[in-house]
1. Looking only at region 238-254, decide whether some residue is acidic (D, E), more than 23 Å from Q197 (Cβ to Cβ) and in the same structural domain as H159 (by TED's automatic domain parsing).
2. Counting only residues that are under 20 Å from S84 (Cβ atoms), give me the strands (runs of 3 or more DSSP E) lying completely in region 1-50 with at least 3 of them.
3. So, in region 1-14, how many residues would count as being of a type in the set (G, A, S) and over 16 Å from P44 (Cα atoms)?
4. Output the residues belonging to region 155-171 that are of a type in the set (V, I, T) and not in a loop (DSSP other than H, G, I, E, B).
5. For region 265-328, which fully contained helices (runs of 4 or more DSSP H) count at least 1 residues that are at pLDDT 65 or above and surrounded by 16 or more Cβ atoms within 10 Å (Cβ to Cβ)?
6. Surrounded by fewer than 17 Cβ atoms within 10 Å (Cβ to Cβ), over 22 Å from the mean Cα position of the chain (by Cα) and not in a loop (DSSP other than H, G, I, E, B), is that true of D259?
Amino acid sequence: MAVFFRGELEAATGGFAKENCAGSGGFGSVYKADQLDGLGNGAPMAIKKLDSGSMQGHGEFLQELQVLGGCRHEHLLPVIGFASDSASASSGQKDQSDSSVCLVMPLMQGGNLEDRLFCNEGSDSRLSLLCHRKQLEPLKWQDRLRIITGLIRALLYLHTPDTSRCKPVILHRDIKPANILLDKRLNARLSDVGLAQLLSSRRKHVSNSFVCGTHGYLDPHYLQTGHFDVQCDAYAVGVTMLMTLTSTPVYYDGETIVDRCMDAEVPDIVDAKACWPMEVAEKFHEISLGLLKFPRRERISLSDALGSASPSFRRAAAQLSAGCSKASSTSSLSPSSSPKAGRTIPTALKSASCVCAGLVRSLFRRLCRACLTDARCLRCASSAVTVCCARAASSTSSPGLGRCAPAARRWWTKT
């Protein structure tokens with residue numbers, strides 16, 4: 001982890017100029033730095049300037065830094081540097097009035113999930129600063145599902161102790177869309193662990209004399225007892241999933257999103273801009289409510305949510321995980337630039353000399369409901385073949401399918 005002088009970070013952000021501010025919260029503000037010497041190969045960085053009044057003391061800051069530095073996961077935002085000297089110390093003055101600390105992190109140019117779900121003037125200005133684009137397309141259902149999957153995986157990592165590295169259970173305590181950051185490819189990174197607490201192996205919860213977190217995402221059990229455990233983090237995930245499904249704020253028209261969605265019909269609340277297949281949306285809604293149930297003993301766990309046995313949810317997850325690299329490599333295709341775009345995809349699939357072409361066509365028809373352009377149809381057809389081959393690889397009862405699925409892949413690759 002790199003150590004900086006405060007003056008270096010001030011210079012990189014134009015003196016923490018307002019025009020370089022990408023966001024702010026209870027712990028301070030985040031500023032964009034186009035470049036920091038000797039770090040990140042010239043990639044833009046985010047400087048989080050923590051207000052001195054937001055931290056209980058230097059010891060707590062060092063503990064947080066130790067936790068962040070010790071955790072390594074693809075869906076956790078890493079801290080790659082910090083500065084803890086005062087501004088006056090950097091300038092050689094004797095006045096120690098400004099003792100705030102700064103954290104250096106990779107800049108997530110896709111913004112955060114909250115800004116991508118609820119477009120307004122403030123979110124547009126922040127996204128414009130991050131990615132130099134005035135307006136971004138609404139997130140499609142595939143992206144939303146992948147983001148939530150990344151969030152759950154990050155939390156499962158935090159909640160799982162690692163005795164080989166002496167890592168205890170870590171409770172995040174502030175799960176919400178604003179703390180889920182996205183890179184340019186919409187990969188999720190969980191951030192803002194300022195409220196995180198370590199849970200010893202001898203305890204099942206931490207107790208607080210005052211409530212911490214964001215209202216609307218807090219488990220009623222925690223509000224009543226002051227006891228925070230892994231289920232409280234899971235409750236916040238359930239709330240976040242409902243917001244992701246509906247693109248509705250946590251409070252809307254005088255009621256919480258949980259009250260609004262608890263007994264609602266999915267077609268009435270789903271965000272049409274995401275083009276959710278109804279089968280996937282209904283399962284997504286079911287899993288969300290499963291994390292919010294009362295009594296608490298009836299709730300599902302985060303691992304249950306991630307490994308849902310539903311065929312529709314498993315198929316969507318397989319498409320996103322196994323076909324993600326394929327989709328990203330073909331995302332720049334257009335009908336005019338792709339050698340396969342001259343043929344309509346349904347016709348091409350019908351011409352496949354392969355016994356499992358019917359299965360591929362069936363999968364394609366379901367995936368294609370979310371398509372708006374031929375380029376997306378190309379990705380859907382490719383994903384259908386990918387899922388077909390994945391099924392064949394795991395199938396021991398259908399030798400015919402096992403022989404035909406590779407033929408479908410070869411046909412798609414050569415067409």
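1. At the first step, the residues of region 238-254 found to be acidic (D, E) are 253.
Among the residues that remain, those that are also more than 23 Å from Q197 (Cβ to Cβ) are: 253.
When the remaining residues are screened for being in the same structural domain as H159 (by TED's automatic domain parsing), the result is 253.
Within region 238-254, one or more residues are acidic (D, E), more than 23 Å from Q197 (Cβ to Cβ) and in the same structural domain as H159 (by TED's automatic domain parsing).
2. Ranges flagged: 28-33, 45-50.
3. Initially, region 1-14 is screened for residues of a type in the set (G, A, S), giving 2, 7, 11-12, 14.
Okay, now just the ones that are also over 16 Å from P44 (Cα atoms), so 7.
The qualifying residues number 1.
4. Just the residues of region 155-171 that are of a type in the set (V, I, T), to begin with: 160, 163, 169-170.
T163, V169, I170, listed by residue number.
5. Numbers: elements: 266-269, 278-290, 302-306, 311-322.
The qualifying helices (runs of 4 or more DSSP H) are 266-269, 278-290, 302-306.
6. Values: surrounded by fewer than 17 Cβ atoms within 10 Å (Cβ to Cβ): yes; over 22 Å from the mean Cα position of the chain (by Cα): yes; not in a loop (DSSP other than H, G, I, E, B): yes.
It is true that D259 is surrounded by fewer than 17 Cβ atoms within 10 Å (Cβ to Cβ), over 22 Å from the mean Cα position of the chain (by Cα) and not in a loop (DSSP other than H, G, I, E, B).
The values are calculated or read from the model by the stated rules, or taken from the named source; none is laboratory data. Remember, predicted model here, so these are calculated numbers, not experimental data. Here Cβ is always computed from backbone atoms with ideal geometry, including for glycine, and neighbour counts include all displayed protein chains.
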